[in-house]
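**Q** Here you go, one structure.
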């Protein structure tokens, strides 16, 4: 049985200059450690999915370095924006901006959503009515084509029990959940934004949140709190192995810096 390998990397927060620190740490070194681990340990990656907050303040220099660093790591590379990103800058790399990737040799398809379509300037995001309609149309077509679908967006759609983070999740999450509930082809939704790991389920559909490569936040807190646990503070990424029968497995990998 053919297998498809997907790697999700998120929340890199690369600075304008590689030497600049973020929350007292080098996001460049943490990101480079993850890429080094990927190069050494993860073979035959079909898709590297970069799910937002790639540059801390939308610096052109950050995107230029990132695009060069990831070149050749996977057969296909797709990025999507987070609330810290500059989507116009990211679109200067059109080869990385594929809203739908449906390769011929697998029954899987991959949809990238822009959750800063209606950003509020305070960290939360939204898909907006137009993009939600587009998603419904895409899912209907892919379901008719007998495809299994994974959806990625930056902002998580579910509460995670952290007061400050639940306030900056996807603001039109209920509408997204309705769309997913109405479509039997969606096998999971992946996001970032929280700088921590969560594996949640709604109606049998998994909603995964993947740790950042940048510094992590402690889960279930009232306000932003640095993660001090030695293991949970490490940069991480998520691996998916997809089977042609619609089954999948996933795991988060932590990387020593």
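**Q** Name the residues in region 51-62 that are surrounded by 15 or more Cβ atoms within 10 Å (Cβ to Cβ) and more than 16 Å from the chain's Cα centre (by Cα), would you? Show your work before the answer.
**A** If we filter region 51-62 for residues that are surrounded by 15 or more Cβ atoms within 10 Å (Cβ to Cβ), which is where we start, we get 51-56, 58-59, 62.
The answer is 58, 59, 62.
**Q** I would also like to ask the following. So the check is Cβ under 6 Å with 6+ separation or different chains; which pairs have a first residue in region 195-206 that's without any contact (Cβ under 8 Å) to a residue 40 or more places away in the chain and a second one that's surrounded by fewer than 16 Cβ atoms within 10 Å (Cβ to Cβ)?
**A** 203/181
**Q** Return yes when residue 48 is assigned to a helix (DSSP H, G or I), without any contact (Cβ under 8 Å) to a residue 60 or more places away in the chain and under 16 Å from the mean Cα position of the chain (by Cα) and no when it is not. Talk me through it step by step, then tell me what you get.
**A** Values: assigned to a helix (DSSP H, G or I): no; without any contact (Cβ under 8 Å) to a residue 60 or more places away in the chain: yes; under 16 Å from the mean Cα position of the chain (by Cα): yes.
Judged against the criteria, residue 48 is not a match.
**Q** Something else: Among the candidates 170, 177, 158, 150, which residue alone is closer than 20 Å to residue 98 by Cα and buried (at least 16 other Cβ atoms within 10 Å of the Cβ)?
**A** On the way: 170 fails: closer than 20 Å to residue 98 by Cα; 177 fails: closer than 20 Å to residue 98 by Cα; 158 fails: closer than 20 Å to residue 98 by Cα.
Among 170, 177, 158, 150, only 150 is closer than 20 Å to residue 98 by Cα and buried (at least 16 other Cβ atoms within 10 Å of the Cβ).
**Q** Output the number of the condition that residue 175 fails; it satisfies all remaining conditions of (1) more than 15 Å from the chain's Cα centre (by Cα); (2) in contact (Cβ under 8 Å) with a residue 60 or more places away in the chain.
**A** The failed condition is (2).
**Q** Is it true that some residue in region 99-115 is part of a helix (DSSP H, G or I), free of Cβ contacts under 8 Å to residues at least 24 places away in the same chain and over 15 Å from the mean Cα position of the chain (by Cα)?
**A** No, the conditions are met nowhere in region 99-115.
**Q** Then there is this: Is it true that residue 72 is more than 23 Å from residue 7 (Cα to Cα), over 18 Å from the mean Cα position of the chain (by Cα) and outside any helix (DSSP H, G or I)? Can you show your working first?
**A** On the way: more than 23 Å from residue 7 (Cα to Cα): no; over 18 Å from the mean Cα position of the chain (by Cα): yes; outside any helix (DSSP H, G or I): yes.
No, not satisfied.
**Q** Further, regarding this structure: Give the residues of region 178-215 that are touching a helix residue (DSSP H, G or I) at 6+ places or on another chain (Cβ under 6 Å), over 22 Å from residue 54 (Cα atoms) and not in a strand (DSSP E or B), sorted by residue number.
**A** 179, 183, 185, 203
**Q** Just the residues that are in a loop (DSSP other than H, G, I, E, B) and surrounded by fewer than 16 Cβ atoms within 10 Å (Cβ to Cβ), please, taken from region 1-14. Please lay out each step first, then the result.
**A** Initially, region 1-14 is screened for residues in a loop (DSSP other than H, G, I, E, B), giving 1-2, 10-13.
The answer is 1, 2.
**Q** Being closer than 15 Å to residue 237 by Cβ and either without any contact (Cβ under 8 Å) to a residue 60 or more places away in the chain or assigned to a loop (DSSP other than H, G, I, E, B) (or both) is the filter here, so list the residues in region 15-35 that pass it.
**A** 32, 35
**Q** Take the residues in region 224-245 that are surrounded by fewer than 13 Cβ atoms within 10 Å (Cβ to Cβ) and touching a residue at least 12 places away in the same chain (Cβ under 8 Å); name whichever of them is farthest from residue 50 (Cα to Cα).
**A** So the residue we want is 245.
**Q** Additional query: Go through (1) modelled with pLDDT of 95 or more; (2) closer than 28 Å to residue 166 by Cβ; (3) surrounded by fewer than 20 Cβ atoms within 10 Å (Cβ to Cβ) and name the single condition residue 118 misses.
**A** Among (1) modelled with pLDDT of 95 or more; (2) closer than 28 Å to residue 166 by Cβ; (3) surrounded by fewer than 20 Cβ atoms within 10 Å (Cβ to Cβ), residue 118 violates only (1).
The values are calculated or read from the model by the stated rules, or taken from the named source; none is laboratory data. Quantities reported herein were computed from a predicted structural model and do not represent experimental measurements. Here Cβ is always computed from backbone atoms with ideal geometry, including for glycine, and neighbour counts include all displayed protein chains.
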